[in-house]
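Worksheet: one structure, shown below.
The values are calculated or read from the model by the stated rules, or taken from the named source; none is laboratory data. None of the values given here were measured: they were computed from a predicted structure. We place every Cβ from the backbone using ideal geometry, glycine too, and count neighbours over all the protein chains shown.
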Amino acid sequence: MKTLSDSYHCLKQENFTNTYPKLPAPELWYRLLPTAIVTLAILGLVTLGVSEQLENSMNYFLFSSPPIRSSGWLSLAVLMIGVGVGLFLLRWRLAHQLSVWGLLCISWGYGSVLISQQGYSLPVLTPMLFFGLNGIGVAIAEGIRSYVELRRSEERYALAAQGAKEGVWDWNLRTDRFYVSPQWLQMVGDENAVPENTPSIWFDRVHPMDLTPLQVAIADHLQRRTEHFEQEYRLMHQDGSYHWMLSRGVAVWHPEGRAERLVGSQVDITSRKQTEEALRRNAFCDKLTGLPNRSGFTQQLKQALDRVQTHSRTSFAVLWLDIDCFELVNNSLGREIGDRLLVAVAQRIRSFLPLDDSLARIGGDEFGILLNHVQDVKDATQMAERVQQVLALPFNLDDREVFLTLSIGIALSTAQYSDPDHLLRDADTAMHRAKTFGRARYEVFEQAMRTRMVVKLLLENDFRRVIAQESSDCSQELQLLYQPIVKLRTGEISGFEALVRWQHPEQGTLPPHRFISMAEETGLIVPMSWWVLRAACRQMRKWQLAFPQAAAMTINVNLSSRQFAMPGLTRYMEQILEETELSGSNLQLEITESMIMENAASIVSVLHEIRNLGIQLAIDDFGTGYSSLSYLTRFPINTLKIDRSFVGKIGFSSDSLEVVRTIHLLAHNLGMNVTAEGVETAEQAARLLEMDCEYGQGFFFFQPLAIDAITNLLQQEFNPDLSEDDPTFDI
């Protein structure tokens, strides 16, 4: 902080160098006041005769001349000179005013001596006294004004510093004296103490980790590397805690270029730092578990990648953990229990994880582990096994035991990784691979997994394009094949099952297993299934119109689980039947056991609504799922379709034959027909016929056929004499 003498020196220098082209009226009168006082004083001396006595004494002593008699011109001259010169010099700089008055004083004295030697007598002392006192008066008045302004400036600065809650400090580098304001002491809780006058009062309180950066910042400024000094640091409070401070300052330079003082202020920024820390925690930490979130985990991976690039012999691994079927906990026990379970999982993993390894909550029910030191893949797989073993133990939540399993994906650091997001992507890919293989296991990432994911993504994009086009009937990539269903006793065709194929422009014909599961995952199965149903019904109606003998035939279409869960299902079906003009009795919908048993109690009414439209119902792949006989008797099912896995083993396994026989007997007892799928040999057909099975379907009879092939087949069965060239042969 500037001392009073220093500030006065600065103000004095300013007065010597600045000009005053325009001054307010009070300022003008104040500057004229010294000249007015001196003029009146001299006039008083002249009027009282004191001036004449002084002049006589001066002349007799210096020149031995007769005394000077006082005259009126001297009083008038003093008055005119005082007023004129005072007004003339009023706007001049102080240095110039002092120079003029001094020059007038010296010039008059020297000139009067010269004139006296010529025999003339002039007043000497009175004019010189007038000029000298004017100079002294101007200097005294300016000093008083500067002092008053200085006190006002210091008061304003002190009030501003107090209002801004800033602590002022002043370090005299020549004497190593250090001054701090009361506000500075109040910041450290030591306002009643007598402050030391050395920099130790500052540096001894700085946090050890912040001391060196603070000293470097000061040195940089004193060596003119920075325009000003600015640094954040922690300062010890009297209660032992550390408060964050922001200090700014500037050096005062000697004309020779060396720094003489460092002056600045300090402000407490603890609240701001706490806010920044809270924002940082929100940005990089998970609120629920207190673990790093995905952003924080990515930062840790970036540091690990930098370390590996610096030290090529080190390596690390990333484990991506996903809790299997966690949504079941949320849906059954509530989200509060689910959140508590996530916290318990985090605490259990953290309890045995080495301190130099990291655990993060990536999102939802997914966690990430960074193993910083691994020698090979075995270290990572052993950790994955340990995590699964520890989390296999039950969690007790509100007197409930909750059991969990994990799917874990592992990615090892290699030279190909430079982006942490790529490492997370590959660990996530490996985790999904583990889920595909049945959950509760781990998989180590391989390059082939990424290739499969890319292929799947491209295939999904192509499929979305196809579905969008099929909805407007402007694409021919999706095709329906029809496999005949025959009566085993007569060999006649009783109907067809519509089977969808994808004619990919680059990969050729794709069977259902290549895209059906993908369609179910993405929800595209719904628009595709409606397209299949509409196209199959339309084609069946065309065949009926072309072959009246086929009026009793049915078209079997598979119903997806997503369709089955849709509200207004029967309304959609009724609309399709009206559009295609197909009778409901000619349509048979195939559903699986799992579809109807998931919500068996609520699904009965939907099945009856479908049956009220005249649509027949069949349970597809019967025997491979779980069926409740009590519900099965309540379902309005027309047909049971025995799965090909049992039919295909007839002739090779007596157990499979007995299973088929049992299903057949059950269906007949419930008043249902039976269709055997996957009939591929004559022996299988014969055994089924022996059981009195009504229908058969499989390669032994027909493969899935295109529309033209089915048309020819119906032509041969119903109109063998009609040629394809006949104009009536048009479907």
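Just a few scattered comments:
- Of the residues screened, V138 is not one that is out of contact with any His (no Cβ under 6 Å at 6 or more places or on another chain), modelled with pLDDT under 75 and assigned by TED's automatic domain parsing to the domain that holds L32.
- Taking the stretch 410-445 as the range and being in a loop (DSSP other than H, G, I, E, B) and more than 20 Å from L301 (Cβ to Cβ) as the test, the residues that pass are F437, G438, R439, A440, R441.
- Considering residues of the stretch 141-176 that are surrounded by 15 or more Cβ atoms within 10 Å (Cβ to Cβ) and among the aliphatic types (A, V, I, L, M) only, the residue modelled with the highest pLDDT: L173
- Within the stretch 680-714, tally of residues that are polar (S, T, N, Q) and more than 60 Å from the chain's Cα centre (by Cα): 4
- Test: R400 is crowded, with 20+ Cβ neighbours inside 10 Å and in contact with a Leu (Cβ under 9 Å, 6 or more places away or on another chain): no
- Condition broken by F229, with the remaining ones in (1) in contact with a Lys or Arg (Cβ under 8 Å, 6 or more places away or on another chain); (2) under 30 Å from D419 (Cβ atoms); (3) surrounded by 17 or more Cβ atoms within 10 Å (Cβ to Cβ) satisfied: (2)
- Under the condition of being more than 59 Å from the chain's Cα centre (by Cα), at pLDDT 85 or above, farther than 24 Å from L587 by Cβ and in a loop (DSSP other than H, G, I, E, B), the residues counted in the stretch 628-679 number 1.
- Filtered residue count, the stretch 540-588, keeping only those that are in contact with a Phe, Trp or Tyr (Cβ under 9 Å, 6 or more places away or on another chain) and closer than 17 Å to N612 by Cβ: 2
Residue-wise test of (1) among the β-branched types (V, I, T); (2) surrounded by 15 or more Cβ atoms within 10 Å (Cβ to Cβ).
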{"position": "G257", "(1), (2)": "no, no"}
{"position": "V263", "(1), (2)": "yes, yes"}
{"position": "I269", "(1), (2)": "yes, yes"}
{"position": "C285", "(1), (2)": "no, yes"}
{"position": "L288", "(1), (2)": "no, no"}
{"position": "L291", "(1), (2)": "no, yes"}
{"position": "Q309", "(1), (2)": "no, no"}
{"position": "R313", "(1), (2)": "no, no"}
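- Criterion (surrounded by fewer than 21 Cβ atoms within 10 Å (Cβ to Cβ) and closer than 22 Å to I637 by Cβ) met by exactly one of L705, L657, L665, L689: L665
- Listed conditions (1) surrounded by fewer than 17 Cβ atoms within 10 Å (Cβ to Cβ); (2) closer than 30 Å to E446 by Cβ are all met by L355, apart from (2).
- Answer from E578, E598 - the residue that is surrounded by fewer than 17 Cβ atoms within 10 Å (Cβ to Cβ), within 22 Å of E497 (Cα to Cα), without any contact (Cβ under 8 Å) to a residue 40 or more places away in the chain and acidic (D, E): E578
Residue by residue, here is whether (1) among the small types (G, A, S); (2) within 35 Å of the chain's Cα centre (by Cα); (3) over 30 Å from G363 (Cα atoms) holds:
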position: D204; (1), (2), (3): no, no, yes
position: Q215; (1), (2), (3): no, no, yes
position: R225; (1), (2), (3): no, no, yes
position: R258; (1), (2), (3): no, no, yes
position: V263; (1), (2), (3): no, no, yes
position: L279; (1), (2), (3): no, yes, no
position: C285; (1), (2), (3): no, yes, no
position: S295; (1), (2), (3): yes, yes, no
position: D306; (1), (2), (3): no, yes, no
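Okay, residues lined up against (1) among the β-branched types (V, I, T); (2) more than 44 Å from the chain's Cα centre (by Cα):
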site	(1), (2)
L459	no, no
P484	no, yes
R489	no, yes
I493	yes, yes
I516	yes, no
L524	no, no
S529	no, no
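- Residue list for the stretch 242-266, filter: aliphatic (A, V, I, L, M) and over 16 Å from D210 (Cβ atoms): V250, A251, V252, A259, L262, V263
- Residue in the stretch 212-226 that is buried (at least 19 other Cβ atoms within 10 Å of the Cβ), at pLDDT 85 or above, part of a loop (DSSP other than H, G, I, E, B) and of a type in the set (A, V, I, L, M) present: no
- Close pairs (6 angstrom Cβ cut-off, 6 or more residues apart or separate chains): assigned by TED's automatic domain parsing to the domain that holds R441 and farther than 20 Å from A434 by Cβ in the stretch 322-333, buried (at least 16 other Cβ atoms within 10 Å of the Cβ) and not charged (D, E, K, R) anywhere: N330/G338
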